[in-house]
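Since the structure comes first, as C-alpha cells, the remarks are kept for the end.
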C-alpha cells in the first residue's frame, strides 16, 4: 500500500505511520476484552487502509470493526510512532456514513436521538420530560426492554433551571483574568449544578467568569459519529460566540468536549475564513483541572473514608491530562485517596457508544464496576458526564447504593472554604 498512490478517503501518510508493533494492544479496551486482532487499533488501521485502497469492499460487515471502536484514543497515548488514530477513525466513519446503509435502529439512535436531540439542549429538555415522569412514577418495568438502558441514565429530577450567570467578580485577589465557560449541550441540561460548581471554583481561584450567549454543542457528538460537516458547523457557531482575544482561557469541564474544542484548529484548517480563529480558540481552551492549583485554595477537610479517581478517556488519552485532576482530588482527600485498578481503561460510555454498541459497552461497564468495588471506596470522582452516568448505572446494576460517583467540579466545590452565593 503506497501512500503516494492513494486517492481514497484516508490520510494514508498518517495511516502508514503505524508499524504494527502491537504496543497499543494492552491499552485497547475492545482488544483487552476479546483478544480479537480485528478489534485492535493496528487491526482496524489495516482494515481502514484496505477499504481505502479498495482491497476489501466497504460493507456493513467490514464496518463492524470500525463501529465497535470506542474512540477512546488510549492507543495514541502509547504509540511510539505518534499515529493520529482519532483523526483516522473520524475520516473512516465519515466514509462509512456515505457508503454503508445503516439499519433503522442505528439510524434512529445516531441521527434522531444523538444528533437530533442530545446535541440540542432545548430539544433534549423536552425529550427528557416523559422519561423523568416514568422514573418518578416508578414505571420503568413497563418500558420496552430496548429502552430501559437509555432510561437508566436519566435523573428523576430536573437540575436547577435558573440560567447560568454572567459574572464579573472574584473571591480572591489579585485577579488572574477573565475566562469563559463552555456550557455545552448534555452538560447544560443534565448537569447545570456542575456548571455552578465550576464557576464557584474559578471564582475562588481568582478568575472573572463569563458565559457567552449564542454558544452550542461543541461538535463532539457529530465528529465521533463521522458527521464532520455538522461538527464544523458547531465549531463555527462557537467561534462566533467567543471573543477569545479578551479571554485568559476558554474553560470546559467535560473531557469529551474538551478534546474536540482543542481540535478546532485541525477541524477547520481548510477553511480560510475560520482557520485563524479556530487555532486561537484551541490554544486558549483549558480543562477545568488545568485552571486550578491544588495549594492555592484552603480546602476544607474531606469527610470521606475512601476516595478514588476514574480517568476520563478524552482527558487522559486525547488531552494527556492525568496528573492535574488527580493532584486536586488527592489534595482534598488526603490519606483517604486510593488508586483504582485500570483507572484509565474506558468505562464503555464513549459518547453514544453505550447506545449503539450495548453489548461491548455493557462488558466494559461491568469491568469498571468490578474495579470500583475492589477499592471499597465511598466516592468515585471523574471528569466527564458520560463516564459519570455510565458508572452510576453500573453501580445501580450491581445493587450498590453506598458508592457515590461525582464530577470533579462538584467534589471540589463541596470542599471550598467560602460560599460564593452562586
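The values are calculated or read from the model by the stated rules, or taken from the named source; none is laboratory data. In this text the structure is predicted, and so the values were computed from the model without any measurement. Every residue, glycine as well, gets a Cβ built from its backbone with ideal geometry; the counts of neighbours run over all protein chains shown.
Among 312, 350, which is modelled with pLDDT of 95 or more, crowded, with 22+ Cβ neighbours inside 10 Å and within 11 Å of the chain's Cα centre (by Cα)?
312 is the lone residue from the list that is modelled with pLDDT of 95 or more, crowded, with 22+ Cβ neighbours inside 10 Å and within 11 Å of the chain's Cα centre (by Cα).
Answer with yes or no whether residue 106 is over 19 Å from residue 230 (Cα atoms) and surrounded by fewer than 17 Cβ atoms within 10 Å (Cβ to Cβ).
Against the criterion (over 19 Å from residue 230 (Cα atoms) and surrounded by fewer than 17 Cβ atoms within 10 Å (Cβ to Cβ)), residue 106 does not qualify.
Among the listed residues 150, 174, which satisfies the condition of being surrounded by 14 or more Cβ atoms within 10 Å (Cβ to Cβ) and modelled with pLDDT under 70?
Answer to the selection: 150.
Please verify whether region 61-79 includes one or more residues that are outside any helix (DSSP H, G or I) and surrounded by fewer than 17 Cβ atoms within 10 Å (Cβ to Cβ).
No; the residues of region 61-79 include none that is outside any helix (DSSP H, G or I) and surrounded by fewer than 17 Cβ atoms within 10 Å (Cβ to Cβ).
Against the condition more than 21 Å from the chain's Cα centre (by Cα), surrounded by fewer than 19 Cβ atoms within 10 Å (Cβ to Cβ) and outside the structural domain of residue 228 (by TED's automatic domain parsing), how does residue 10 come out, does it pass?
Considered against the rule, which asks whether it is more than 21 Å from the chain's Cα centre (by Cα), surrounded by fewer than 19 Cβ atoms within 10 Å (Cβ to Cβ) and outside the structural domain of residue 228 (by TED's automatic domain parsing), residue 10 comes out as no.
Among the numbered conditions (1) surrounded by 22 or more Cβ atoms within 10 Å (Cβ to Cβ); (2) touching a helix residue (DSSP H, G or I) at 6+ places or on another chain (Cβ under 6 Å); (3) closer than 21 Å to residue 63 by Cβ, tell me where residue 363 comes up short.
Result: residue 363 passes all but (1).
Residue pairs, Cβ under 6 Å, 6 or more apart or interchain, first in region 381-397 and over 16 Å from residue 344 (Cα atoms), second outside any helix (DSSP H, G or I). List them.
Partner pairs satisfying both residue conditions: 389/153; 392/405; 393/152; 395/403.
Within region 111-141, work out how many residues are loosely packed, with under 15 Cβ neighbours inside 10 Å, touching a helix residue (DSSP H, G or I) at 6+ places or on another chain (Cβ under 7 Å) and over 23 Å from residue 223 (Cβ atoms).
1
Kindly indicate whether any position in region 179-193 is buried (at least 17 other Cβ atoms within 10 Å of the Cβ), over 26 Å from residue 128 (Cα atoms) and in contact with a strand residue (DSSP E or B) (Cβ under 9 Å, 6 or more places away or on another chain).
For region 179-193, residues buried (at least 17 other Cβ atoms within 10 Å of the Cβ), over 26 Å from residue 128 (Cα atoms) and in contact with a strand residue (DSSP E or B) (Cβ under 9 Å, 6 or more places away or on another chain): present.
Looking at (1) free of Cβ contacts under 8 Å to residues at least 60 places away in the same chain; (2) closer than 30 Å to residue 49 by Cβ; (3) in contact with a helix residue (DSSP H, G or I) (Cβ under 7 Å, 6 or more places away or on another chain), find the lone condition where residue 101 falls short.
For residue 101, the failing item is (3).
Would you point out which residue out of 37, 91, 33 is more than 23 Å from residue 229 (Cβ to Cβ) and within 25 Å of the chain's Cα centre (by Cα)?
33
Given the residues 296, 302, which is the only one that is surrounded by fewer than 20 Cβ atoms within 10 Å (Cβ to Cβ) and at pLDDT below 95?
Exactly one of 296, 302 is surrounded by fewer than 20 Cβ atoms within 10 Å (Cβ to Cβ) and at pLDDT below 95, namely 296.
When you check residue 355 against the structure, is it free of Cβ contacts under 8 Å to residues at least 24 places away in the same chain and within 28 Å of residue 264 (Cβ to Cβ), yes or no?
It is false that residue 355 is free of Cβ contacts under 8 Å to residues at least 24 places away in the same chain and within 28 Å of residue 264 (Cβ to Cβ).
Check 34, 12, 58 and return the single one that is modelled with pLDDT under 95, out of contact with any strand residue (DSSP E or B) (no Cβ under 9 Å at 6 or more places or on another chain) and under 24 Å from residue 102 (Cβ atoms).
Matching residue, one of 34, 12, 58: 58.
Name the residue that is nearest to residue 193 (Cα to Cα), counting only residues in region 229-263 that are assigned to a strand (DSSP E or B) and within 16 Å of the chain's Cα centre (by Cα).
The qualifying residue nearest to residue 193 (Cα to Cα) is 252.
Answer yes if at least one residue in region 42-64 is within 21 Å of the chain's Cα centre (by Cα) and either more than 24 Å from residue 265 (Cα to Cα) or outside the structural domain of residue 359 (by TED's automatic domain parsing) (or both), and no otherwise.
no
Within region 368-409, can you find the residues that are under 28 Å from residue 209 (Cα atoms) and either in a strand (DSSP E or B) or not assigned by TED's automatic domain parsing to the domain that holds residue 335 (or both)?
Those that are under 28 Å from residue 209 (Cα atoms) and either in a strand (DSSP E or B) or not assigned by TED's automatic domain parsing to the domain that holds residue 335 (or both): 380, 381, 382, 405, 406, 407.
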